Amino acid sequence: MTVKLGAHVDQEDPLAEAADRGADLVQFFLGNPQDYKAPKLAYADGEAALKERAAAAGVDLYVHAPYRLNVANTNNRIRIPSRKLLQQTLDKAAEIDVKGVIVHGGHVGDEDDPEAGFDNWRKCIERAELPVPLLIENTAGGENAMARQLERIARLWDAVQSSGNDRLENVGFCLDTCHFHAAGEELPTIVERVLAITGRIDLVHANGSRDEFGSGADRHSNFEDGHIDPADIVAVVQTAGAPVVVETPNADNGQKADLDYLRAHLT
């Protein structure tokens with residue numbers, strides 16, 4: 001089975017990081033993932049050079065949106081800057097011809113009605129320009145998260161699909177194995193259950209989990225060090241048939257070891 005495999009890497013020179021791991025693709029941030037500052041490419045030679053060199057090397061590029069983004073939130077001081085930054089990230093990512101921008105599903109406050117969050121997602125997609133695919137990722141914890149359990153993902157997906165955006169084909173789904181494990185969703189059947197909701201899986205984040213099933217903890221581990229059977233990760237990758245990013249720790253070349261594990265076990 002031929003699946004493109006890669007990793008989340010430092011943003012300064014993603015192509016060197018790809019070569020170091022023998023990766024077909026790389027995912028990286030455009031700036032600090034913990035603030036609302038406008039995205040900025042760290043690659044010293046600029047957007048045109050990165051785009052050209054990535055194409056020549058046959059390396060696909062993905063961008064992960066900042067963690068601070070929360071377009072579902074009912075607080076205007078969070079939601080409005082989040083929408084602005086998400087659009088800026090999509091536009092900047094388009095300059096380097098990425099295959100997708102990954103964004104977390106976000107959450108509303110503990111006292112809020114989740115329906116308000118789903119409707120905020122509808123409004124966000126309704127107004128968004130989508131020059132590149134936007135891939136919504138399931139998340140690990142939070143009682144009022146929009147994309148933790150499958151039931152919530154179904155309601156989120158219905159809201160997004162009702163937005164009326166004329167580029168809805170550019171809204172996809174990113175499946176994270178650690179996050180579903182942490183959310184208490186069984187991995188052996190997760191691909192078919194997600195596909196029943198979304199009809200598509202555009203990217204897999206293949207991660208081990210430092211914590212136990214249902215913990216709600218977003219803590220990635222290398223495959224053979226965590227609480228997920230590595231065979232279950234392989235099965236998700238194989239069944240989904242989508243490109244793969246490992247976001248596992250890279251101490252002692254851990255990401256390369258995880259990629260080698262996938263290469264050895266995919267059939």
- Mind counting the residues in segment 220-237 that are assigned to a loop (DSSP other than H, G, I, E, B) and either out of contact with any strand residue (DSSP E or B) (no Cβ under 7 Å at 6 or more places or on another chain) or farther than 16 Å from H179 by Cβ (or both)? 2
- Message: For segment 238-260, give me each residue that is open to solvent by less than 50 Å² (accessible area, probe 1.4 Å), part of a helix (DSSP H, G or I) and not hydrophobic (A, V, I, L, M, F, W, C).
- Response: G254, Q255, D258
- Item | Residue check, A128 of a type in the set (G, A, S), under 27 Å from I96 (Cα atoms) and surrounded by 18 or more Cβ atoms within 10 Å (Cβ to Cβ) | yes
- Note on the structure: When restricted to R68, R53, the only residue open to solvent by 70 Å² or more (accessible area, probe 1.4 Å), part of a helix (DSSP H, G or I) and either under 20 Å from L135 (Cα atoms) or among the charged types (D, E, K, R) (or both) is R53
- Scanning segment 102-114 for residues that are over 19 Å from the mean Cα position of the chain (by Cα) and in contact (Cβ under 8 Å) with a residue 12 or more places away in the chain, which turns out surrounded by the most Cβ atoms within 10 Å (Cβ to Cβ)? V108
- Message: Out of R263, R219, I need the residue that is within 16 Å of the chain's Cα centre (by Cα) and open to solvent by 50 Å² or more (accessible area, probe 1.4 Å). Which one?
- Response: R219
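The values are calculated or read from the model by the stated rules, or taken from the named source; none is laboratory data. Only a predicted model underlies this, so the values are computations on that prediction, with no experimental measurement involved. Note: ideal-geometry Cβ built from the backbone for every residue, glycine included; neighbour counts use all protein chains shown. Side chains included, ligands, DNA and RNA excluded: accessible areas come from the protein's heavy atoms. Shrake-Rupley method; radii C 1.70, N 1.55, O 1.52, S 1.80 Å.
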